[in-house]
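K.L.:
Below you will find the structure I want to go over with you.
We did not get these values from a lab; they are worked out from the coordinates using the rules stated. In this text the structure is predicted, and so the values were computed from the model without any measurement. Note: ideal-geometry Cβ built from the backbone for every residue, glycine included; neighbour counts use all protein chains shown.
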Amino acid sequence: MGPQGPQVTMSRHDFETPQDLAAALAEAVADNLRAGLAARGAACLALSGGRTPELFFAALSRQELDWSKVSVTLVDERWVPLDSPRSNEALLRRGLLQGPAAAAEVVSLVTADPGPEEGLREVSDRIAALPLPFDAVVLGMGSDGHTASFFPGGDRLAEAIDPAGSALVLPQRAPGAGEPRITLTLPLIVAARSVYLHIEGAEKAAVLKTALQDGPVADMPLRAVLRSPGLPLDIYWCP
Ligand code: 6PG
């Protein structure tokens, strides 16, 4: 592995079906939350949107733990209203806030402001008020090699993936992103007690393989996570 190769300690968990993956990932994340509750009396969690996590959200919602002391937010959000089919928060609320998990508090990454630049201060204050670091962060990945809203060509990509940056969240606009976005930053993500990458399908396995090779971070921003020194990263994959 060259000098630009991964510096994370990766554990790969492969499953035969999306159902098996969802059940195992839900169990692991619930254990992280239980550990946080036992140690600190409160826990916080950041989850990804997109299409992949639906079964995982359902499996996590069935986990028995004191959800009333758990705050859940998103790794990143599209700057759209809650009634938009593109809203990650709507997906999270529909998928997770059922059964035992209905008692969790959802911390929104959007405001009524016209754009993420205007809403940034308020969202940063909400995230700063959480009992950080996160007990667990679950990342997804797009076929362009983005994770969170670290998109190739993102207008604030360098800032968002700066390991020494002090921002907790940042706006992000990119050609491949659709709407303007808001995202947790790299230092906040990698400070989590547990970090997971949840990907499904052969295409994403191939994208991950490429991301693990040498090459510019700006081309495949997931590399910023994969090259975070000392980070234990649990990769959950199924066909
Ligand atoms: C989003 C996400 C994003 C997602 C990947 C994978 O808002 O789009 O949070 O980072 O995890 O794009 O998306 P799919 O699961 O839809 O492939």
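K.L.:
Mean 1/r over all different Cα pairs, inverted: what Kirkwood radius does the stretch 155-239 give, in Å?
P.N.:
Taking the inverse mean of 1/r over all distinct Cα pairs, the stretch 155-239 comes out at 13.9 Å.
K.L.:
Compute the distance from the alpha-carbon center of the stretch 107-163 to that of the stretch 185-216, in whole Å.
P.N.:
Measuring centre to centre over Cα atoms gives 16 Å.
K.L.:
Once you treat every alpha carbon in the stretch 16-112 as an equal point and sum by Debye, what is log10 I(q)/I(0) at q = 0.10, 0.12 Å⁻¹?
P.N.:
Debye intensities relative to I(0), on a log10 scale: -0.25, -0.36.
K.L.:
Ala112 versus Thr17, label points 7 Å from Cα toward the beta carbon: distance in nm?
P.N.:
Reported label-point gap for Ala112 and Thr17 is 4.6 nm.
K.L.:
Classify the stretch 2-65: rounded, prolate or oblate, from the alpha-carbon gyration tensor (a ≥ b ≥ c, eigenvalue square roots; a/c under 1.5 rounded; otherwise prolate if a/b is larger than b/c)?
P.N.:
Oblate, since a/c reaches 1.5 and b/c is not below a/b.
K.L.:
Here's another thing I want to ask about it. Using the scaling law 2.2 N^0.38 Å as the reference, what is the normalised Cα Rg of the chain?
P.N.:
Dividing the Cα radius of gyration by 2.2 N^0.38 Å gives 0.93.
K.L.:
Arranged from highest to lowest average of other beta-carbon atoms within 10 Å per residue, in what order do the peptides 210-217, 56-63, 12-19 appear?
P.N.:
Highest mean packing first, the order is 56-63, 210-217, 12-19.
K.L.:
Something else now. Of Ala158, Leu55, Val190, whose Cα points farthest to the positive end of the dipole of the chain (charges on the beta-carbon: +1 Lys, Arg; -1 Asp, Glu; origin at the Cα centre)?
P.N.:
Value: Val190.
K.L.:
Averaging sequence separations of C-alpha pairs under 8 Å and six or more residues apart, then dividing by the length of the chain, give the relative contact order as a whole percent.
P.N.:
Across the chain, relative contact order equals 28 percent.
K.L.:
Taking the Cα centre of the stretch 97-217 as the origin, how large is its charge dipole in debye, to the nearest 20, when only Lys and Arg (+1) and Asp and Glu (-1) carry charge on their Cβ atoms?
P.N.:
240
K.L.:
Please compute the Kirkwood hydrodynamic radius over the stretch 115-171, one decimal place, Å, based on all pairs of different Cα atoms.
P.N.:
12.8
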